[in-house]
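Input: a single structure, listed below in structure tokens.
No lab work stands behind these numbers, since they all come straight from the coordinates. None of the values given here were measured: they were computed from a predicted structure. For neighbour counting, all protein chains shown are included, and Cβ atoms are generated from backbone atoms with ideal geometry for every residue, glycine included.
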Amino acid sequence: MAARPAPQDTVGAVGTVPPGASFTMATDHQNPASKQQQPGTSAFKLVIYEQENFQGRCHELTGPCNNLQEAGVEKVGSILVLCGPWVGYEQTGCKGEQYVFEKGEYPRWDSWTNSRRSDTITAFRPIKVDSQEHKIVLYENPSFAGKKIEIIDDDVPSFHAHGYQEKVSSVRVQSGTWVGYQYPGYRGYQYLFEKGEYKDSTEFGAQIPQIHFKLKSLLDSLPGSSGAGQNACPVQQLCQKSCCAKASQDGPLSLQRMLFHCVRGGGGKDSTVLAHVMKVLNERYSYGLDLMLLSVDEGITGYRDDSLETVKRNQEQYELPLKIVSYEELYGWTMDAIVKQVGMKNNCTFCGVFRRQALDRGAIMLKVDKICTGHNADDVAETVLMNILRGDIARLRRCTAISTSSEGDGVVPRCKPLKYAYEKEIVLYAYFKKLDYFSTECIYSPNAYRGHARTFLKDLESIRPSSIMDVIHSGENLSVRDGVKMPVQGTCSRCGYISSQALCKACVLLEGLNRGLPKLGIGKHHRLHGKLLSQEPLTEKEEKKLRAPEF
């Protein structure tokens with residue numbers, strides 16, 4: 001990073017000071033150290049650079065400025081907060097989108113916002129932080145009505161984890177100063193909450209009530225504090241703090257304990273990080289969970305056999321029991337054998353269907369209450385795109401759920417604790433924690449349909465950094481119109497597994513493999529499923545169409 005030049009000039013206050021605030025500001029003709037300061041407000045200092053990476057003309061603020069352009073600031077390229085916190089505004093007069101700045105360095109626009117590109121900050125003011133007990137109450141409906149959640153003293157990583165999944169329409173800040181974020185992971189639009197009441201969402205700057213709200217208290221950037229500020233590592237911020245939250249409707253309710261018993265262990269970065277985090281949190285906070293590792297052996301030579309060795313090392317490192325179920329034991333086939341018959345195209349369809357059922361069967365063997373999988377934000381966004389492209393309404397409705405209820409007999413509820421964690425964040429966590437994980441890609445995955453969604457998403461992310469979270473939240477907000485007929489869940493007549501058809505997908509795929517007709521369960525061949533049930537032979541033309549693999 002380039003060295004920061006000393007401030008060349010300073011900026012005087014323009015416009016009015018917010019009600020109740022009393023700040024001073026340095027100008028070309030006055031030294032803030034020589035003036036009599038108000039108690040608790042003398043140490044605020046922020047330096048604005050007109051170019052990125054702290055280059056170009058710079059201007060120093062020690063108090064509010066309602067119009068930077070009138071004060072001589074042409075552009076905000078980078079920001080150095082020497083003592084804060086501060087809030088910047090998109091529009092003059094301290095209006096529009098808000099950007100909260102804690103003590104630290106902000107070399108370019110994307111270090112202070114992740115909702116969209118914005119280098120048009122036109123106003124600043126210091127944030128007066130109450131260092132006493134922090135307490136805030138969020139309400140589902142305007143005018144402080146409906147279900148509520150009360151938060152005391154600390155950050156809340158996710159409201160969903162505390163049983164509150166409602167919108168936030170009104171807020172009471174009883175003490176302290178808070179920052180709300182539109183999306184988990186401290187992402188999206190920011191909303192500053194100072195002591196007082198906000199009767200509806202427009203009063204704190206939100207156009208619509210935000211469902212995926214998060215809060216963090218402003219304590220680290222107080223004058224005299226040694227806090228690292230907003231651009232400190234989010235994982236470090238979350239790991240070093242505990243939250244005290246309670247959801248209530250008419251009165252306080254105790255939080256329900258989520259009984260996550262079974263952690264899917266595949267040996268990769270996601271499942272390894274998940275196992276490590278759950279093991280650490282279970283011991284640190286005495287949750288009393290009976291954790292186990294469950295892994296699936298698909299039978300892929302040169303890939304799964306190596307990753308299972310990593311899983312076995314994880315078992316020893318984390319001292320957790322391990323259960324391995326294999327395709328060969330459950331279905332009589334390995335993926336190597338399936339690919340020989342199916343070819344390189346569509347083989348992931350077989351693996352995905354078989355793995356899902358294998359996990360449920362393994363979980364039933366272990367008699368667990370819940371399966372935790374390592375799906376991250378990138379995975380979920382890819383799945384949303386795939387379901388949209390396929391027009392799969394049924395899966396689109398449930399693919400974004402962070403926790404699923406039991407869909408019927410033989411299906412164990414699942415959850416995705418890493419749903420809002422980016423893949424790159426998981427890689428960094430595994431790297432800095434020096435976790436032992438397997439990083440080789442499946443040898444059969446290059447032709448997978450998911451790869452096209454992944455490529456598209458990465459291209460989109462290079463243009464719009466928030467694309468992954470945007471896609472996830474778009475999927476969460478989609479709903480099926482009233483009157484649309486959805487598949488009715490039943491059970492497979494052959495194996496008893498959950499299915500909306502007479503035969504489940506796994507049984508159809510197996511029947512095709514066993515008959516030497518690998519394409520039977522792929523594509524639009526539902527009319528042939530009746531023949532499978534009745535054991536009616538297929539015509540020569542039907543067999544020829546279904547037999548030929550596509551390489």
Problem - Residues with amide H under 5 Å from that of residue 414, placed H, sequence gap 5 or more - result: 371, 404
Problem - Candidates per trypsin sites (Lys or Arg not before Pro) in the range 412-476, loop by DSSP, up to 11 other Cβ within 10 Å - result: 434
Exercise for the section: Sort 48, 472, 393 so that the residue with the fewest other Cβ atoms within 10 Å of its own Cβ comes first and the one with the most comes last. Expected result: 393, 472, 48
Completion exercise
Interchain or sequence-distant (5+) residues whose placed amide H lies within less than 5 Å of the amide H of residue 134 are 153
Problem - Potential lengthening between residue 90 and residue 443 on full extension [0.36 nm per residue; Cα-Cα distance subtracted] - result: 122.2 nm
Fill in the blank from the handout: Computed over the range 39-85, the Cα gyration tensor eigenvalues, each multiplied by 5 and square-rooted, give semi-axes in Å (largest first) of 20, 13, 6
Practice task
Would you mind calculating the gained length between residue 434 and residue 317 on full extension (0.36 nm times residue separation, minus the Cα-Cα distance), in nm to one decimal?
Solution key: 40.9 nm
Problem - Separation in nanometres of the label points that stand 7 Å from Cα toward Cβ, at residue 200 and residue 55 - result: 4.7 nm
Completion exercise
Cα-Cα longer than 31 Å, checked against 279/367; 45/419; 103/195; 167/419; 269/340, kept in input order, equals 45/419
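Just to confirm the filter: which chymotrypsin sites (Phe, Trp or Tyr not before Pro) across the range 438-468 are DSSP coil and have at most 13 other Cβ within 10 angstrom of their Cβ?
Sites meeting the loop and neighbour criteria: none at all.
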Practice task
Provide 480, 411 in ascending order of the number of other Cβ atoms located within 10 Å of each residue's Cβ, fewest first.
Solution key: 480, 411
Exercise for the section: Please label the shape of the range 354-444 as rounded, prolate or oblate, based on the square roots a ≥ b ≥ c of the eigenvalues of the alpha-carbon gyration tensor (a/c under 1.5 means rounded; beyond that, a/b larger than b/c means prolate, else oblate). Expected result: oblate
Handout entry: Sorted by Cβ neighbour density within 10 Å, fewest at the top, the residues 486, 335
Key = 486, 335
Handout entry: Protection-proxy order for peptides 488-500, 134-146, each taking the mean of Cβ atoms within 10 Å per residue, highest first
Key = 134-146, 488-500
Practice task
Pop out the ³J(HN,Hα) list for the range 71-80 in order, Karplus 6.51 cos²θ - 1.76 cosθ + 1.60 with θ = phi - 60°, rounded to Hz; leave Gly and Pro as x.
Solution key: 8, x, 8, 6, 7, 9, x, 7, 9, 10
